[in-house]
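These notes concern the structure reproduced below.
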Amino acid sequence: MAVQLRNVRKSFGTVEVIHDVSMDIAAGEFAVFVGPSGCGKSTLLRTIAGLEDTSSGQISIEEQDVTWTEPAKRGVAMVFQSYALYPHLSVYENMAFSLRLRRASKREIEEKVLEAAAILRLEEQLHKKPSQLSGGQRQRVAIGRAIVRQPKVFLFDEPLSNLDAELRVQMRLELARLHKQIGATMIYVTHDQVEAMTLADKIFVLKGGIVQQSGRPLDLYRDPDNRFVAGFIGSPA
Ligand code: ADP
Ligand code: MG
């Protein structure tokens, strides 16, 4: 398994917001956590990234227990919303940033940034600043910053939520293409059922910090386990 959670719980102070979550995500799978605002999607993703400690339970990435491993050593890369770009740096330097921190050679940096730029069709934009880009291009740079790190697992937290509706549809198609092209394991968080249904190989429906049901989109749609899943993604009764 690419990612495995076993009985993960997370509390903030005395309030438990993730209750005993276990899940398996296979290598190359596009997994989507979907559920209403406040159900714990971001918290769960951040525990996988190591940005939050778990209160109990175990997290493995490619069969390695990373429960107490620092974020940079987990082999994951998180894609934030496009406004998290460095405004004073060019597109090239935005994508090179983490590699420079890692003291990669100039040649390695160039190779990886150009490769990511080709995948994301950003070759013509490399010298520009984020403010000179469209919303969609900015979002692609944010994804490029993750690609250059060649992570085992990509983590996306509602990356399209601040784009307009038309662009969201376009970026959704691009994400599907990206997943096909690089074949990496991806975990994607959204509150948007349509995004979840169209992107996911496997959906995890969350409510109140509990996985209500997981499985292939069509199976959940046709055969929801409970009323919540039915109401949220199931076919109209
Ligand atoms: P989602 O991403 O699904 O909207 P979150 O994971 O952000 O949900 O939040 C889940 C719950 O945990 C919410 O009730 C939220 O208020 C709470 N929460 C999230 N982060 C913190 C924090 N740092 N401190 C206290 N409570 C938090
Ligand atoms: Mg969230």
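Details
- For segment 23-56, filtered to residues that are within 16 Å of ligand 2 (Cβ to nearest atom) and among the β-branched types (Val, Ile, Thr), the residue that is surrounded by the fewest Cβ atoms within 10 Å (Cβ to Cβ) is Thr43.
- Total residues in segment 12-22, condition exposed (fewer than 14 other Cβ atoms within 10 Å of the Cβ) and near ligand 1 (Cβ under 9 Å from one of its atoms): 3
- Count of segment 215-237 residues which are in contact with a helix residue (DSSP H, G or I) (Cβ under 8 Å, 6 or more places away or on another chain) and of a type in the set (Gly, Ala, Ser): 3
- Among the residues of segment 23-53, the ones that are part of a loop (DSSP other than H, G, I, E, B) and either more than 13 Å from ligand 1 (Cβ to nearest atom) or of a type in the set (Lys, Arg) (or both) come to 5 in all.
- Looking across Ala96, Ala104, one residue alone is in a loop (DSSP other than H, G, I, E, B) and either farther than 22 Å from Asn162 by Cα or touching a Pro at 6+ places or on another chain (Cβ under 6 Å) (or both). It is Ala104.
- Reported count of residues in segment 102-141, each being in contact (Cβ under 8 Å) with a residue 40 or more places away in the chain and in contact with a Lys or Arg (Cβ under 8 Å, 6 or more places away or on another chain), is 2.
- Filtered by the rule that a residue be touching a residue at least 12 places away in the same chain (Cβ under 8 Å) and surrounded by fewer than 15 Cβ atoms within 10 Å (Cβ to Cβ), segment 183-207 gives a lone residue, Gly183.
- Note on segment 181-237: residues that are under 26 Å from Ala27 (Cβ atoms) and among the aromatic types (Phe, Trp, Tyr) amount to 3.
- Against the test of being more than 23 Å from Gly50 (Cβ to Cβ), modelled with pLDDT of 95 or more, more than 16 Å from ligand 1 (Cβ to nearest atom) and crowded, with 16+ Cβ neighbours inside 10 Å, the options Gln132, Gln212, Gln139, Gln125 yield a single qualifying residue, Gln125.
- Only one of the numbered conditions (1) more than 16 Å from ligand 1 (Cβ to nearest atom); (2) under 19 Å from Asp157 (Cα atoms); (3) in contact (Cβ under 8 Å) with a residue 24 or more places away in the chain is violated by Ser56, and that is (2).
- Filter pass, Ala49 being over 18 Å from Asp157 (Cα atoms) and among the aliphatic types (A, V, I, L, M): no
- Output for segment 150-209, where each listed residue is more than 21 Å from Ala77 (Cα to Cα), modelled with pLDDT of 95 or more and not in a strand (DSSP E or B): Gly208, Gly209
The values are calculated or read from the model by the stated rules, or taken from the named source; none is laboratory data. Treat the numbers as computed from the prediction; the structure is a model and nothing was measured. As a convention, Cβ positions derive from the backbone with ideal geometry for all residues, glycine included, and neighbour counts pool all protein chains shown.
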